[in-house]
Amino acid sequence: DAKTTQPNSMESNEEEPVHLPCNHSTISGTDYIHWYRQLPSQGPEYVIHGLTSNVNNRMASLAIAEDRKSSTLILHRATLRDAAVYYCILREVNAGGTSYGKLTFGQGTILTVHP
Amino acid sequence: DVKVTQSSRYLVKRTGEKVFLECVQDMDHENMFWYRQDPGLGLRLIYFSYDVKMKEKGDIPEGYSVSREKKERFSLILESASTNQTSMYLCASSTLLLRVAPLHFGNGTRLTVT
């Protein structure tokens, strides 16, 4: 499985933007980039995913480098509720266009948000 | 919203006991998964199922089995619990109908084996 590398921890102040980086230099053409986060005492929660183009949703934005070897999750205005472990995951879609959804989680980035 | 419900939040069992962890999802998802989460090791996939009565081994299936008799329910079974199975267990589900559909996780069962 292609691997990802993330910083162990990052800190931010409330209401400031946060850029969470992820390196995936061995990414293949069929790998989607997924981000999940895990709040304290909860299961992981889906945040966003993309293949080649930048993506936006109500939770965050995903910026993908042109060569796809890295990506950045952007939280536009961090709140205290965004304090969590953020996981960057590569997910392969098979030739049939389906994915059974097996995800390989790394250690993630612990995001601390200061008031 | 998709809801994945794990029957117990905390469970304490004795070594050698047979343990059942239950998971139910309410969105008619085809795929269901069992992960365990340990400090320093992250989440590791134990088993998954993509249909009723179908199962596939994940990365660490030893010491575990699963049962999926109904589409909405996926059970993880520890045939003879051991102390090294003390962990947080997370169930998840996803649909096969969407390409790269996200996984929806329950809030976990923290199992302690004494």
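The values are calculated or read from the model by the stated rules, or taken from the named source; none is laboratory data. Given the structure is predicted, the values throughout are model-derived calculations rather than measurements. Using ideal geometry, Cβ is built from the backbone for each residue, glycine included, and neighbour counts are taken over all protein chains shown. When the accessible area is computed, the model is the full protein with side chains, heavy atoms only, and any ligands, DNA or RNA have been set aside. Shrake-Rupley method; radii C 1.70, N 1.55, O 1.52, S 1.80 Å.
Data for the structure
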| item | result |
| --- | --- |
| Normalised alpha carbon radius of gyration of the range B:1-43 [divisor 2.2 N^0.38 Å] | 1.44 |
| Per residue accessible area of the range B:1-74, 1.4 Å probe, in Å² | 56 Å² |
| A:ARG81/B:ASP38 FRET efficiency (R0 30 Å; Cβ-Cβ; nearest 0.05) | 0.70 |
| Within the range A:29-94, GluC sites (Glu not before Pro) in DSSP loop having at most 14 other beta-carbon neighbours inside 10 Å | A:GLU66 |
| Antiparallel %, DSSP beta bridges [both residues in the protein assembly as shown], to 5 | 90 percent |
| Hypothetical label at A:SER25: residues of the range A:64-94 whose amide nitrogen lies under 20 Å (7 Å Cα-Cβ projection) | A:64-73, A:88-91 |
| Where Cα atoms sit under 13 Å apart: lysine pairs in the protein assembly as shown separated by 8 or more or lying on different chains | 7 |
| Heavy-atom accessible surface of the range A:1-86: percent carbon and sulfur, 1.4 Å | 46 percent |
| Per-residue average of Cβ from other chains inside 10 Å of B:87-93 | 2 |
| Qualifying trypsin sites (Lys or Arg not before Pro) for the range A:1-89 [loop in DSSP, other Cβ within 10 Å: at most 11] | A:ARG58, A:ARG77 |
| Cα-based equivalent ellipsoid of the protein assembly as shown: semi-axis lengths in Å, sorted from largest, via gyration tensor | 30, 21, 16 |
| Where labels lie 7 Å past Cα in the beta-carbon direction, separation of A:LEU51 and A:GLU11 in nm | 4.1 nm |
| Accessible area buried, both sides summed, chains A and B with 1.4 Å probe, Å² | 1900 Å² |
| Whether chain A is rounded, prolate or oblate, judged on the alpha carbon gyration tensor where a/c under 1.5 counts as rounded | prolate |
| Inter-probe distance in nm under a simple model that places probes 7 Å from Cα toward Cβ, at A:GLN107 and A:SER41 | 2.6 nm |
| Hull volume in cubic angstrom per residue (convex hull over the Cα atoms of chain B) | 97 Å³ |
